[in-house]
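First comes the structure, then the notes that go with it.
The values are calculated or read from the model by the stated rules, or taken from the named source; none is laboratory data. Predicted model only: the values in this text are computed from it and were never measured. Methodologically, a virtual Cβ is constructed for each residue, glycine included, from the backbone with ideal geometry; neighbour enumeration extends over all protein chains shown.
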Amino acid sequence: MNVLSTMDFLSIFVIIASISSGLIFLFYWIPKKLGHQRLGKILSSSIGVCILLLILFITFEDQLFTESDAAELLSEQDINLREIFEIVENKSISGIGDYYHTFTLKISRDDKEAIIEQIKSSPDFKGLNDIKDDLLHSTDRYTGSKLVQSYEDEVQLVREYFEPNGQGYAPTYRKVEVSKKEDTLTFEDIDE
């Protein structure tokens, strides 16, 4: 996964700031030239506020992540938590062409046991001594059907989900890990 260098970050910042300033100026200048200065002020202010809100949302994305967001992402993997849970950690990292999001939940023992049973009863379940596939790197990334793999290792039970999204689009790769010792669940979403 690529991490942005300081120069890359500054270059992107300058480009985004230039485009934003240009848009705000155009939304003011064009109506002003047509004799509607007040409309230009309203439009440029509106665009400025929208850009500011977008920047704030991107900056505070991890802090705005809620329990319902976590439950929705898990339900897409056919995992439903029935009892109260807590977000222990949430982080996302974006780079050019890459996105990584992971969160860890503290779940109830009953939910943990139900998820473990669900994973173990999957038709594709692989035990400790079975060979596991590397879904993220061993399959055609752009075409084919979705793949689901459920398995167990020494410390956790895992469900992996891989779905190609077509040529030129990052595939969907998600991984849910349930710890054998602790009442925790970790979710990973990787787009690269």
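Overview of results
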| item | result |
| --- | --- |
| Total residues in region 94-131, condition aliphatic (A, V, I, L, M), surrounded by 15 or more Cβ atoms within 10 Å (Cβ to Cβ) and closer than 30 Å to Tyr169 by Cα | 2 |
| Lone qualifier among Tyr99, Tyr28 - being under 24 Å from the mean Cα position of the chain (by Cα) and of a type in the set (Ser, Thr, Tyr) | Tyr99 |
| Selection from region 77-119 of residues that are of a type in the set (A, V, I, L, M), farther than 20 Å from Tyr161 by Cβ and touching a helix residue (DSSP H, G or I) at 6+ places or on another chain (Cβ under 9 Å) | Ile84, Ile87, Ile96 |
| Residue within region 40-57 that is more than 30 Å from Phe85 (Cα to Cα) and touching a Lys or Arg at 6+ places or on another chain (Cβ under 6 Å) present | yes |
| The one condition in (1) more than 25 Å from Thr172 (Cα to Cα); (2) among the acidic types (Asp, Glu); (3) at pLDDT below 90 that Glu83 fails to fulfil | (3) |
| Candidates Lys120, Lys106, Lys112 - the one that is over 27 Å from Phe65 (Cβ atoms) and charged (D, E, K, R) | Lys120 |
| Test result for Glu76, surrounded by 13 or more Cβ atoms within 10 Å (Cβ to Cβ) and out of contact with any Gly (no Cβ under 9 Å at 6 or more places or on another chain) | no |
| Inter-residue pairs, beta-carbon under 6 Å, first in a loop (DSSP other than H, G, I, E, B) and in region 45-65, second loosely packed, with under 13 Cβ neighbours inside 10 Å and not aromatic (Phe, Trp, Tyr), 6+ apart | Asp62/Lys91 |
| Test: residue in region 168-188 that is surrounded by 19 or more Cβ atoms within 10 Å (Cβ to Cβ), at pLDDT below 90 and in a loop (DSSP other than H, G, I, E, B) | yes |
| Qualifying residue in region 133-154 (condition: buried (at least 19 other Cβ atoms within 10 Å of the Cβ), at pLDDT 90 or above and among the charged types (D, E, K, R)) | yes |
